[in-house]
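Following: one structure in structure tokens, then a few remarks.
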Amino acid sequence: MPPHHSLRFPEETEEAFRARVERVAVIARVLVEACLANHCVQELINDPELPYTERNCRQSPTVRLEYEQAVAIGELGTCLAATKSKHWGAGPWVMPLRPDDPVDAFRVGYIYRPNSLYNRRFEQRKRLKELLGRRNRKLVGDAQRHTKAVFLEHLTQTQQHATQRRSRY
């Protein structure tokens with residue numbers, strides 16, 4: 001017979017173990033109820049084409065994994081794996097899903113906070129690409145990879161003109 005594995009910590013009293021289990025049960029109930037109250041989750045459950053069921057939500061609820069600069073939305077284990085190499089500041093904190101949080105049946109979703117450095121840089125790159133137009137948008141990536149001196153040294157006359165003209169906006 002295999003050895004019995006207990007969830008009790010070494011030296012933990014029966015009373016302390018019971019209190020910890022009760023706290024975990026309350027947390028689990030809150031996470032499940034919040035997941036089932038989410039509008040997207042309800043749509044996913046009601047779609048017969050998807051493998052999303054109420055039973056699955058009760059076994060592994062979709063949660064918010066919050067960091068200082070961003071939030072990941074998905075199943076807890078999947079979110080932890082997906083955010084393992086992210087540098088989003090303090091966290092993670094496991095929080096209940098909000099009723100209006102966007103949920104995808106197959107992917108972890110990310111919501112970047114306004115203070116997010118990643119999101120700020122992303123928006124800056126996007127704006128620069130729009131300003132430079134289709135023909136010169138690759139210059140944004142080149143500018144990121146090189147020092148200013150090296151970047152400017154390798155620009156053609158046309159590219160120099162495009163960047164100078166756009167930088168006035």
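The values are calculated or read from the model by the stated rules, or taken from the named source; none is laboratory data. Only a predicted model underlies this, so the values are computations on that prediction, with no experimental measurement involved. Methodologically, a virtual Cβ is constructed for each residue, glycine included, from the backbone with ideal geometry; neighbour enumeration extends over all protein chains shown.
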Kindly indicate whether any position in the stretch 50-59 is crowded, with 17+ Cβ neighbours inside 10 Å, of a type outside the set (Gly, Ala, Ser) and within 17 Å of the chain's Cα centre (by Cα).
no
Single unsatisfied condition, Leu117 versus (1) modelled with pLDDT under 70; (2) loosely packed, with under 15 Cβ neighbours inside 10 Å:
(1)
Checking Trp88 against (1) touching a Phe, Trp or Tyr at 6+ places or on another chain (Cβ under 6 Å); (2) loosely packed, with under 12 Cβ neighbours inside 10 Å, which test does it fail?
(2)
Given the conditions (1) part of a loop (DSSP other than H, G, I, E, B); (2) at pLDDT 85 or above; (3) closer than 25 Å to Asn38 by Cβ, and given that Tyr110 satisfies all but one, which numbered condition is not satisfied?
(1)
Evaluation of Glu68 against (1) in contact (Cβ under 8 Å) with a residue 60 or more places away in the chain; (2) under 26 Å from Phe122 (Cα atoms) (one fails), failing number:
(1)
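If a residue must be among the acidic types (Asp, Glu) and within 17 Å of Asp101 (Cβ to Cβ), how many such residues does the stretch 34-79 contain? It would help to see each step written out before you state the result.
Filtering the stretch 34-79 down to residues among the acidic types (Asp, Glu) leaves 43, 47, 49, 54, 66, 68, 75.
When the remaining residues are screened for being within 17 Å of Asp101 (Cβ to Cβ), the result is 43, 66, 75.
The total comes to 3.
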